[in-house]
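Report on one structure; see the data block that follows.
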Amino acid sequence: MRNLKLLKSLRNSELQGPGSPQCFSIRADTGSLLIASQFSITEFDPLTAQVVREASLTADGFLSEDGSGGVVGLQDLAELQSACLATAEGDVVLFNLNTGQLECVGSVDSGLTSMSWSPDEELVILTTGQETFIMMTKDFEPITEVGIHQDDFGEGKFITVGWGKKETQFHGSEGKQAARRKVQEAQPAVAWDDRRPRVTWRGDGQLFAISAICPQTGGRKVRVWNREGVLQATSEPVNGLEQALCWKPSGSLIASSQRHPNKHSVVFMEKNGLLHGDFTLPFSKDQAKVKELLWNPDSTVLAVWLEELSCGDDGHVNTYLQLWAVGNYHWYLKQSLDFGRDPQKAPVCICWDPERPLQLHVVTSSWNSITYSWGWTTERSPGLDVTDNASVAVIDGDKVLVTTFRQCVVPPPMCSFELQLKSPINQVTFLCRPEGTNQIAAFTANGQISVFSQVSEEQADKTSDGFRVVSQPLVLQKTYRLTPAQEQPLALRQLLWLQDELFLAVGAGLLPTSSTILMLHPIQDADDTLAVRSEMEVDGVVVGVAHSFQTGTVALELEDGQIKKLLWDCPELSVEDWRDSSGCSVSFPVPCIQTALCSISGTEYLLGLTDRSHLYAGDTELASGVCSFAICDNFLLLTTHSHTCRCLQLSGLTVKGGTETNDQSERRIYYQNNTAA
């Protein structure tokens, strides 16, 4: 029942290069971007907004000076301190990241259509213009060259023992007609398919898959090969199979996309070539095309990069990026990024960060780079009193699934009721006001905030005699639009609903190392429009915002672990350092992905949980092995990796600092009677 919350975004427009970006890769050791165009290769540091080094691909003849050439693959090789790129003309080039020199390590006369390195960077697959693939070592020693199109199924061919005739065998719920069903002929690929092979590796590097156009049928077919270049399996005929292909790093499934007669879906394939599950995209079958599918490194999020097929009045198409996650066999659309129709803002390269599972890098056609960093969060009401339904809101595309745990406990994706909107939702928040905590605000991808609240008992639908509505659904009260409109997707983050008509949000600062705190309030003459009532620049990137229902305190967490207190109920916004009872500034030792305010022994603390399962109260570590935590009234609830839930009374706790270590998850949490909690 988790949502993805945008923690921070970093946008750079200082980089300007010749041509347009075609491929890019991330340096795992430095975090810099390697971007290749039809003219050059550039290493760019997004943190400093500086070009580290650059080399021309046309000066040495690797690409044509008229810009007609292209780069089909780019990979950072940490062990070699180099980047390897492959050109459509057939050259394999090493770009030395220390000296900036280019070296041609091989050439294929028929040209290259793609390049893919194994996860351990020991092997590389090059697909050629002659419909073959070449497997080479990291030292570029050829191992084998094999034709992509094979008549044999592969070593994993299914074996029939020959017991009985097909007509007499059991066919389950399909009945005997399944035996007489004719095999459907494969249809050619769609017209917009680029007809280039796609190569993807399993996370352990033992298998790789190639999707290519079959010369006989004209449709796409997926083949699975082992590390020695031996064919293992061939996919069953799948009509409408599209070009996107990505193997889940955990190894279980291969993702692709398929166009059905009545829908457009993402489909999953096992390593034996058989289909195994799918989910439907929120587009009609002829509305959009899937350009690429990208699994994040820990296999929890699938990014779907789409582009509309029909042009608008301006002749341009819309581009989308969607983030999907699965739970209880249900696929949830968690984030939707709409890049609009401006071709200069459209992404041309997208990839996940190799070290940070929820960090995504985007490069646009105008050489702008955008880095998005998300974190998992559970959006819930505080449950302070009996009027609070203890609700949890789950984002699923253009719906919010609301479960009122005070009335019912149902497993997701089931819920108490759904809130339907007209646009995909990116953020949800509950009202931070006593006796109003059941109200929900949803921030959608089109830049609007929709407010839902409960109706009065007089307005509620009456039921039959003897029955009553236990879980009262919410109804739409008002929809606000923001002014000025957002120029980029996810321009605002960390939305907080402070009062009935007052919202807090975090936006980008004037510098990459700063943020802007915005207070949004309806315009006097247009109560359906939210405008900035006040704003303030914060020296640091805000990655977390926490609010206390009891005291009204708002705490800010910065990227480097600093904790600030936001004075929001004053005529002018201001921030001050978070201080302990002795007046010393307090910071988290490391950044935290979940924060909450609470009072321990009369002192207000900001609790924080790191991605390494360490729980802190300010600069003091309280526990390790913690999966999640929540503050409910006067209690601290912890769930641990040992599958336990601990309930601690805040009024009986004290926080004691120290440098000693302890393997117990209750460390440095004590009751007043000196008994470990």
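The values are calculated or read from the model by the stated rules, or taken from the named source; none is laboratory data. Quantities reported herein were computed from a predicted structural model and do not represent experimental measurements. We place every Cβ from the backbone using ideal geometry, glycine too, and count neighbours over all the protein chains shown.
Values computed for the structure shown
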| item | result |
| --- | --- |
| Count - residues of the stretch 366-397 that are more than 18 Å from Trp331 (Cα to Cα) and not in a strand (DSSP E or B) | 13 |
| Residues being without any contact (Cβ under 8 Å) to a residue 60 or more places away in the chain, assigned to a loop (DSSP other than H, G, I, E, B) and closer than 17 Å to Gln243 by Cβ - total across the stretch 306-323 | 1 |
| Where Gly561 falls short, out of the listed (1) at pLDDT 90 or above; (2) surrounded by fewer than 15 Cβ atoms within 10 Å (Cβ to Cβ) | (2) |
| Residue satisfying all of: in the stretch 41-60; buried (at least 18 other Cβ atoms within 10 Å of the Cβ) and assigned to a strand (DSSP E or B); nearest to the chain's Cα centre (by Cα) among these | Phe44 |
| From the options Glu292, Glu270, residue that is surrounded by fewer than 17 Cβ atoms within 10 Å (Cβ to Cβ), of a type in the set (Asp, Glu) and in contact (Cβ under 8 Å) with a residue 12 or more places away in the chain | Glu270 |
| Residue in the stretch 341-353 that is farthest from Leu281 (Cα to Cα), counting only those that are of a type outside the set (Asp, Glu) and touching a residue at least 40 places away in the same chain (Cβ under 8 Å) | Lys345 |
| Residue match in the stretch 531-544 (condition: in contact with a Lys or Arg (Cβ under 6 Å, 6 or more places away or on another chain), buried (at least 21 other Cβ atoms within 10 Å of the Cβ) and not assigned by TED's automatic domain parsing to the domain that holds Ser336) | yes |
| Qualifying residue in the stretch 415-426 (condition: assigned to a strand (DSSP E or B), under 21 Å from the mean Cα position of the chain (by Cα) and modelled with pLDDT of 90 or more) | yes |
| Residues located in the stretch 442-455, provided they are farther than 12 Å from Ile395 by Cα, part of a strand (DSSP E or B) and at pLDDT 90 or above | Gln448, Ile449, Ser450, Val451, Phe452, Ser453 |
| Test: residue in the stretch 398-410 that is more than 30 Å from Leu636 (Cβ to Cβ), in contact (Cβ under 8 Å) with a residue 24 or more places away in the chain and not in a strand (DSSP E or B) | yes |
| Filter result (over 34 Å from the mean Cα position of the chain (by Cα) and among the acidic types (Asp, Glu)) within the stretch 61-84 | Glu65, Asp66 |
| Single unsatisfied condition, Cys351 versus (1) touching a His at 6+ places or on another chain (Cβ under 7 Å); (2) not in a strand (DSSP E or B) | (2) |
| Tally of residues being crowded, with 23+ Cβ neighbours inside 10 Å and either of a type in the set (Gly, Ala, Ser) or modelled with pLDDT of 95 or more (or both) across the stretch 231-241 | 1 |
| Matching residues in the stretch 61-82 - criterion: being buried (at least 23 other Cβ atoms within 10 Å of the Cβ), farther than 14 Å from Ser114 by Cα and among the aliphatic types (A, V, I, L, M) | Leu63 |
| Of all residues making up the stretch 625-653, the number that are touching a residue at least 24 places away in the same chain (Cβ under 8 Å), outside any helix (DSSP H, G or I) and closer than 11 Å to Cys598 by Cβ | 8 |
| Residue among Asp525, Asp569, Asp577 that alone is without any contact (Cβ under 8 Å) to a residue 24 or more places away in the chain, charged (D, E, K, R) and within 15 Å of Leu498 (Cα to Cα) | Asp569 |
| So Ser299, is it more than 27 Å from Cys627 (Cβ to Cβ) and among the hydroxyl-bearing types (Ser, Thr, Tyr) | no |
| Criterion (over 23 Å from Trp578 (Cβ atoms), surrounded by fewer than 16 Cβ atoms within 10 Å (Cβ to Cβ) and at pLDDT below 80) met by exactly one of Thr639, Thr675, Thr644 | Thr675 |
| Check on Glu572, in contact with a strand residue (DSSP E or B) (Cβ under 6 Å, 6 or more places away or on another chain) and surrounded by fewer than 18 Cβ atoms within 10 Å (Cβ to Cβ) | no |
| Single residue of the stretch 27-39 satisfying the filter (in contact with an Asp or Glu (Cβ under 6 Å, 6 or more places away or on another chain) and farther than 11 Å from Val363 by Cα) that is surrounded by the fewest Cβ atoms within 10 Å (Cβ to Cβ) | Ala28 |
| Condition check for Glu501: within 27 Å of Ser13 (Cβ to Cβ) and either over 29 Å from the mean Cα position of the chain (by Cα) or exposed (fewer than 14 other Cβ atoms within 10 Å of the Cβ) (or both) | no |
| Flag if Gly375 is modelled with pLDDT under 95, among the small types (Gly, Ala, Ser) and over 24 Å from Gln16 (Cα atoms) | yes |
| Failed item in (1) over 22 Å from Leu309 (Cα atoms); (2) of a type outside the set (D, E, K, R); (3) not in a strand (DSSP E or B), with Ile210 passing the rest | (3) |
| Test set (1) crowded, with 17+ Cβ neighbours inside 10 Å; (2) modelled with pLDDT of 90 or more; (3) of a type in the set (S, T, N, Q) - Gln472 fails condition number | (2) |
| Hits in the stretch 324-344 (condition: out of contact with any Leu (no Cβ under 6 Å at 6 or more places or on another chain) and part of a strand (DSSP E or B)) | Ala325, Val326, Gly327, His330, Trp331, Tyr332, Leu333, Ser336, Asp338, Phe339, Gly340 |
| Residue that is modelled with the lowest pLDDT, among those in the stretch 289-323 that are more than 25 Å from Gln359 (Cα to Cα) and among the small types (Gly, Ala, Ser) | Gly312 |
| Count of the stretch 231-278 residues which are among the charged types (D, E, K, R), closer than 23 Å to Ala303 by Cβ and in a loop (DSSP other than H, G, I, E, B) | 4 |
| Residue within the stretch 379-388 that is farther than 18 Å from Tyr320 by Cβ, touching a residue at least 40 places away in the same chain (Cβ under 8 Å), outside the structural domain of Gln335 (by TED's automatic domain parsing) and touching a His at 6+ places or on another chain (Cβ under 9 Å) present | no |
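Residue-wise test of (1) touching a Gly at 6+ places or on another chain (Cβ under 8 Å); (2) not in a strand (DSSP E or B).
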{"residue": "Val470", "(1), (2)": "no, yes"}
{"residue": "Ala485", "(1), (2)": "yes, yes"}
{"residue": "Leu495", "(1), (2)": "no, no"}
{"residue": "Leu504", "(1), (2)": "no, no"}
{"residue": "Pro512", "(1), (2)": "no, yes"}
{"residue": "Thr516", "(1), (2)": "yes, no"}
{"residue": "Leu520", "(1), (2)": "no, no"}
{"residue": "Leu530", "(1), (2)": "no, no"}
